[in-house]
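Quick notes on the structure that follows.
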4 protein chains.
Amino acid sequence: MTAPIRIGMVGGGFMGRVHRMAQRLDGDYQLIAGAFSSDPERARSSGKALNLDPARVYTDFTTMAEREAAREDGIHVVSIVTPNHLHAPIAQAFIEAGIHVICEKPLSISLEEAMALRALVRRHGVQLLLTHNYSGYPAVRRARQLIREGTLGELRLVEVDYAQDWLSEAGSEGWRGDPALAGPAGALGDIGIHAWQLADYVTGREIDTLSADLHTFVAGRQLDDFAQAMLRYRDGARGRLSVSQVSPGNNNRLRLAVYGSRGGLHFDQESPDALWFARLGDPLQRLSRNGPGSGAADLQASRLPAGHPEGYLEAFAQLYRDFACSLRGEAPPDIALPDVDTGCRGLAFVEAMLASSQSNGAWTAPAYPTD
Amino acid sequence: MTAPIRIGMVGGGFMGRVHRMAQRLDGDYQLIAGAFSSDPERARSSGKALNLDPARVYTDFTTMAEREAAREDGIHVVSIVTPNHLHAPIAQAFIEAGIHVICEKPLSISLEEAMALRALVRRHGVQLLLTHNYSGYPAVRRARQLIREGTLGELRLVEVDYAQDWLSEAGSEGWRGDPALAGPAGALGDIGIHAWQLADYVTGREIDTLSADLHTFVAGRQLDDFAQAMLRYRDGARGRLSVSQVSPGNNNRLRLAVYGSRGGLHFDQESPDALWFARLGDPLQRLSRNGPGSGAADLQASRLPAGHPEGYLEAFAQLYRDFACSLRGEAPPDIALPDVDTGCRGLAFVEAMLASSQSNGAWTAPAYPTD
Amino acid sequence: MTAPIRIGMVGGGFMGRVHRMAQRLDGDYQLIAGAFSSDPERARSSGKALNLDPARVYTDFTTMAEREAAREDGIHVVSIVTPNHLHAPIAQAFIEAGIHVICEKPLSISLEEAMALRALVRRHGVQLLLTHNYSGYPAVRRARQLIREGTLGELRLVEVDYAQDWLSEAGSEGWRGDPALAGPAGALGDIGIHAWQLADYVTGREIDTLSADLHTFVAGRQLDDFAQAMLRYRDGARGRLSVSQVSPGNNNRLRLAVYGSRGGLHFDQESPDALWFARLGDPLQRLSRNGPGSGAADLQASRLPAGHPEGYLEAFAQLYRDFACSLRGEAPPDIALPDVDTGCRGLAFVEAMLASSQSNGAWTAPAYPTD
Amino acid sequence: MTAPIRIGMVGGGFMGRVHRMAQRLDGDYQLIAGAFSSDPERARSSGKALNLDPARVYTDFTTMAEREAAREDGIHVVSIVTPNHLHAPIAQAFIEAGIHVICEKPLSISLEEAMALRALVRRHGVQLLLTHNYSGYPAVRRARQLIREGTLGELRLVEVDYAQDWLSEAGSEGWRGDPALAGPAGALGDIGIHAWQLADYVTGREIDTLSADLHTFVAGRQLDDFAQAMLRYRDGARGRLSVSQVSPGNNNRLRLAVYGSRGGLHFDQESPDALWFARLGDPLQRLSRNGPGSGAADLQASRLPAGHPEGYLEAFAQLYRDFACSLRGEAPPDIALPDVDTGCRGLAFVEAMLASSQSNGAWTAPAYPTD
């Protein structure tokens, strides 16, 4: 290990804590600056709690980007953990300052914003990691690898759903319930985009058109708390995607199943050390993280022997670890880290879902960037 | 027990064996007649294998209906286990002979046929049981009861899917692959109608409109091997239904989840002794068959203590047992046995699915009978 | 099928109902006689409920054995479902009358009694089936086959336990709590002997010595409600056996794990369609009933496709079906039906457990018959 | 957060990496010194890889203890991750230098050594954490709390087993196979002591006597690869403990079940976010980490919402986090961190197991310290 990568943070709350744990786990990063709040007193106390130099604690991200860019010992990279509507302006400020970006999903609240960021990233030559953390799970990478190797044959069905129950009643939404802060998509933007990315990442297949139905069950809520779609893929596969935040008895039940002409697999985020796999005509197998048949892509993302459970934070940290390799110019295995392109494609998916649902389920093509 | 009910059978094959086991398990029926084949030699040998009086073994169902109706010791009821296209004509023959009918699903291959049978049943005063066997599971009845009692609050989401893999390759379809024998629906008619009935039975809610997508993945196959739909219920609930016979690693993975404002539940046909239930804000519970909190509806369908697994045949036999009560004029608990109305509604569902898919997913209302 | 085998029953209660369902499921037997009670009125009403000829309903087993033996159309076989203390005298009466016997476990309440029955069986040339029903599960037979084929290599560990909770409080024991009726073993005699037989059947290995500890937790109870032992096998394997009827949250949690130098397997009676199997160094596999890799021994015991659950009654019925083959002189696959030898060996195990526990865990050899 | 606690490390290998991740996750520690190898070149390169000041990288622990104790900015605490035989001498050196100790289990390779450390700890007033990491799982703490509150009633049965397969063949033992480095216990010392501590921690009950059987299956291996015991507790409960490193298909299958007069619970380390709990007569519940009914003891050990899996590293880090509170004089919830007393009691257990097995299973009392 060379010296840790100097990192700063903009934002706070629960996701801020998650990002900090992910930064620390493997020792690749050192948090040295932050804009945790626009309130000076809260910013100061957050900085103190994190043992930061008070001179590196800011109350606005613009100043932070400028000053950190100007320092010899300035941050190499910033992590953005604010409400959605600020992702793009903050990312823009740091990209323009030549600072790499780690951004919470969604990349922005519109495809237009996302495409603008994409252009900026290309222009400034910085790197951007979008923390679609589920792609950090070894089992997910193994699934991706099995499909890339053709183990499943011709893909036919892609089924992904994400069920939670924490919005079954009104009142817990916070900024996620406010379209001005969250953007136009509720459950869709919060977890639907994760479900989409998981399927996208594992299958490497693109949705041709989708037919969507969004709904809000809880009275007074402004954004969808349920969204589903039927999917048609470009290569002829079919699929479905369904997300709900009003499904009692589910916490973070994100599940993916993929079926092809020669085999099938399924994954459940709540038991992430297992990938279930069957070759057509053979018994169902439990592929364990770091167990028999593991390959480079998943072993590299595994820290512990099989049977010593890894979880959400390890997957999150894996993205940070892979991104550290990338920042250092080292070559990790072929892992396709979620980046600004992923972010644009995700927004294209979200906007296609919204448009289709507004058109009563008309089959709609996501406007994936083509250049 | 009074003397067993005299029963005859038309058809054979695997479902014939299942029905015979279901008839025998509880001792309510005695098989004494059958039309197992139009080939005299095969009919004779089947009858012999079943220890039947050769005089009660027929080579056509018309003769069987006439002669059995004419005998003092004729059958009370016939079970029909032929390919789909014969269900309606055979049922008609026995109904017109005044003989009760137990019929495999689907009731017929068109709604029109089904409605005609419904009129006949009413006219002749016979009883008809449609063997939607999953409604014989105690856990399914308990789920229905919990919903009827309002335990889940206002229903919001209904999710049902049925995945198999036995048609992942061409060649195993048998009569199920021939539209002339199976009707116009493939996976949809074979297992989709079961998925629909399970959701219909448990929720007691009616689909207002659906948007469907059917597909055939295996080259040369004439009927769909995959079907899915988004659902909108009359009371505002939403849902989805998905069936596939090309999902490697799945045998008979029929699953139902129902979520409401105050709780949720899910059921997996491959582990049928458990119903998973959560009140919003409480831990997830495993409700075991014949375990704590069981009620009349599910206890009546349970033969063994909790932990001694019951399965598919017991659920099948339960329909037979309940129907025996009905034939004898005894009153079982409020169990809503699948009947000719269920059959008509199922065909209305199937035809709505076909129509919607042919219209590229246009939202379509099932033509449920209204009188 | 030739005509059904004529069967009679002595005893009643829950196990009587189970045996009758098992007799009926496959159509091999017809119940035509019984001694259900020594009370004439109760005997009569039981016979009527079962639709029996009143002349074939008896109030004592001695008369029944004599009269049925004397009839041209007398029973071929009797099933004994009484409390334990009557197994031996009833079996003796029917054996001496030349009638085959199906007997609930344990065969008797002492090894001495069991050995006497064994001599009688040999002398009279009748067949005796001991209903250790768990050996009727296809997964159990497949486990046995894998071990016989050497798939697990040299056996090292055998672990079996059976946990229930229905005796967690005093008062539900019925005759099982009375040493005069149940014999000297409580949980040990009721479920310990099942656990022993399951391990014995699957592994085909004999216990050399065991060290046992029995205990009674519930005040006022006369017999053990918990029993455990460490096991040493003749070929060097080690093991453990543990049974409890005071383990809240368990219904009939009978589990077996066997490990060898080249692989391991485990089975859980509450999910009997699955056998979990791993070759050393390969992923864990779920071997499904009637799924890939099934062999003659388990296919023959399977009635339904994989994924349509079979359960306790099907396993029970399988013993009846296999015994019907045996009675008819047909050769079923090599299935080693539990018989009078199994019964003697089981009693030898029980008595070794009792003796070891009374000697504070002294290593004790079961007095398995040697001729 | 005040400044991180300065920590050093003696040892390396896999457990060294685990400890370093655990130190980093919550940001409470900063690793600034280490004796990673007695080979100067390897020590230097390890230090460099960890970005340490070369002056703080040592080649022997004695020098490290002296010099660090002498520095103003010396380490507050050392973590010992060497083979077992060095735990005691290294701990002694740091304790005598007034430096707190975090020590891998087992505390030492003999009870005598452990008792000597205990006296030293008392004399020097330092704190010692023994990393029995499974006691860091929230579900384990919740189980402990349920039992302390009497929810299970009078305890009756304690069942713990730990199955692995990585020593199914000869050759992978490393220092764990050498009695001079590992001590006299093989599987027993490696994982048996974890199983013991898990049961000890959760139940708070002490073993009165045990009857043990140890065995070595793999030819040429010097230490046990299998150990089991029957347990009798001081308050009348019974139990069993079983560990194996030769059970194919198992990775780290550590399971605990506890049953009492009013309820039962079980825990599986491979699915550590769940605690299964049943009140006698009520349905089985899945108590989720951070889910309904969580209490102070487990919430404090939880970093993420229910359904976002935590695992082994989080539990490990929890001990570090709790110990940081303790070092800072803050009061964490009543969590009973494993300490030098735990270490002595663990060695007493190990020695009782060895003695009992050597006496052919004689009931033996662990020589738990009594003052």
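Cα centroids of region C:14-45 and region A:201-247: how far apart, whole angstrom?
Region C:14-45 and region A:201-247 have Cα centres spaced 56 Å from each other.
Rounded to whole Å and sorted largest first, what semi-axes of the equivalent ellipsoid does the C-alpha gyration tensor of region B:148-207 yield via the square root of 5 times each eigenvalue?
Semi-axes from the Cα gyration tensor: 32, 12, 7 Å.
Using a 7 Å offset from Cα along Cα-Cβ at A:Glu41, what residues in region D:1-30 end up with backbone N under 20 Å from the label point?
Residues D:1 qualify, since their backbone N sits under 20 Å from the label point.
Copy-to-copy spacing for A:Pro40, label 7 Å out on the Cα-to-C-beta vector, in nm, shortest first?
Here A:Pro40 shows inter-copy label distances of 5.5, 10.6, 10.8 nm.
I want the antiparallel fraction of DSSP beta bridges within region C:5-133, as a percent rounded to 5.
Bridges in region C:5-133 are about 0 percent antiparallel.
Kirkwood hydrodynamic radius for region D:55-168: how many Å is it when counted over pairs of different Cα atoms?
Computed over region D:55-168, the radius equals 16.7 Å.
Stokes-Einstein at 37 °C, 0.692 mPa s, Kirkwood radius from Cα pairs: D for the protein assembly as shown in µm² s⁻¹?
95
What is region B:5-133's relative contact order, in percent, from Cα pairs under 8 angstrom and six or more apart in sequence?
22
From other protein chains only, count the Cβ atoms within 10 Å of every residue's Cβ in B:274-283, then give the mean.
That works out to 6 on average.
Treat the count of other C-beta atoms within 10 Å as a stand-in for reagent exposure and order A:Tyr368, B:Tyr162 from fewest to most.
Ascending Cβ contact count within 10 Å gives the list A:Tyr368, B:Tyr162.
Which net charge results when you count Lys and Arg as +1 and Asp and Glu as -1 among the other residues whose beta-carbon is under 11 Å from that of A:Asn133?
Within the 11 Å Cβ shell, the charges total -1.
Mind putting a number on the dipole of region B:186-279 about its Cα centre? Charges go on the C-beta only, +1 for Lys and Arg and -1 for Asp and Glu, and I need it in Debye to the nearest 20.
Once rounded to the nearest 20, the dipole reads 380 debye.
Taking a temperature of 25 °C and a viscosity of 0.890 mPa s, what whole-number D in µm²/s does Stokes-Einstein yield for region B:1-118 with Rh from Kirkwood over alpha carbon pairs?
In µm²/s, the coefficient is 173.
Ordered by packing density, taken as the mean number of other Cβ atoms within 10 Å over each peptide's residues, highest first, how do D:186-199, C:261-274, B:48-61 rank?
D:186-199, C:261-274, B:48-61
If we count every other residue with Cβ under 10 angstrom of D:Gln164's Cβ, Lys/Arg +1 and Asp/Glu -1, where does the sum land?
-2
How long are the semi-axes of the equivalent ellipsoid of region B:280-340, taking √(5λ) for every eigenvalue λ of the Cα gyration tensor, in whole Å from largest down?
25, 14, 11
Suppose a student asked you for the relative contact order of chain D, using Cα pairs under 8 Å spaced at least 6 residues apart; what percent would you report?
Relative contact order for chain D comes out at 19 percent.
Mind giving me the nanometre distance, one decimal, between the label points for B:Asp268 and A:Asn51, set 7 Å out from Cα along Cα→Cβ?
Going from the B:Asp268 label point to the A:Asn51 one covers 4.4 nm.
Where in chain B are the helices, taken as whole DSSP H runs, whose Cα atoms extend 24 angstrom or more along the long axis and whose Kyte-Doolittle mean reaches at least -1.0?
Taking the DSSP H segments of chain B (at least 24 Å long, mean hydropathy at least -1.0), we get B:340-358.
Could you size up the charge dipole of the protein assembly as shown around its Cα centre, putting +1 on the beta carbon of Lys and Arg and -1 on that of Asp and Glu, and report it in debye to the nearest 20?
Once rounded to the nearest 20, the dipole reads 0 debye.
Excluding B:Asp235 itself, calculate the net charge of residues whose Cβ lies under 9 Å from the Cβ of B:Asp235, where each Lys or Arg counts +1 and each Asp or Glu counts -1.
-1
Just the number, please: percent antiparallel of the DSSP beta bridges in the protein assembly as shown, rounded to the nearest 5.
Restricted to the protein assembly as shown, the bridges split so that about 60 percent are antiparallel.
Looking at the axis that maps chain B onto chain D, which chain B residue has the closest Cβ, and how far off is it in Å, rounded to a whole number?
Looking at chain B's Cβ atoms against the axis toward D, the nearest is B:Gln285, 3.
How much of the DSSP beta bridge set in chain C is antiparallel, as a percent to the nearest 5?
60
Measuring from a point 7 Å out along Cα→Cβ, what nm distances, shortest first, does D:Ala3 have to its partners in the other copies?
In ascending order, 1.9, 9.9, 10.0 nm.
Search the structure for amide H atoms under 5 Å from the amide H of D:Met9, placed 1.01 Å from N in the peptide plane, and list their residues when 5 or more places away or on another chain.
D:Ala33, D:Gly34, D:Ala35, D:Ser79
Which is farthest toward the positive dipole end of chain A among A:Gly264, A:Asn133, A:Leu223, measuring Cα position about the Cα centre, with Cβ charges +1 (Lys, Arg) and -1 (Asp, Glu)?
Ranked along the dipole, the leading option is A:Gly264.
If all Cα-Cα distances of region C:161-317 are sorted into 5 Å bins from 0 onward, what percent lands in each bin, rounded to whole numbers?
2, 8, 15, 18, 17, 16, 12, 8, 4, 1, 0
For peptide A:21-34, compute the average count of partner chain beta-carbon atoms within 10 Å of each residue's beta-carbon.
Shielding by partners across A:21-34 averages 3.
Could you tell me which residue out of D:Asn84, D:Phe14, D:Tyr29 lies farthest along the dipole of region D:1-84 toward its positive end? Charges go on the beta carbon: Lys and Arg +1, Asp and Glu -1, centred on the Cα centre.
The listed residue farthest towards the positive side: D:Phe14.
What is the fewest-to-most order of A:Glu104, B:Glu351 by other Cβ atoms lying within 10 Å of their Cβ?
Final ranking by Cβ density, sparse to dense: B:Glu351, A:Glu104.
With Kirkwood's inverse mean 1/r over C-alpha pairs for Rh, give me the Rg to Rh ratio of chain B, two decimals please.
0.96
By count of other Cβ within 10 Å, fewest leading, how are A:Glu310, A:Glu96, C:Glu314 ordered?
Going from sparsest to densest Cβ surroundings: A:Glu96, A:Glu310, C:Glu314.
Is it possible to state the helix-based mean residue ellipticity at 222 nm for chain B, with each DSSP H run of 4+ residues giving -39500 (n - 2.57), the sum divided by total residues, to the nearest 500 deg cm²/dmol? What is it?
Counting only the DSSP helices, I get -10000 deg cm²/dmol.
Each reported figure results from applying straightforward, stated rules to the coordinates on display, with no laboratory input. Keep in mind it's a predicted model, so treat the numbers as computed, not measured. In this analysis, Cβ positions are derived from the backbone assuming ideal geometry, glycine residues included, and neighbour counts consider all displayed protein chains.
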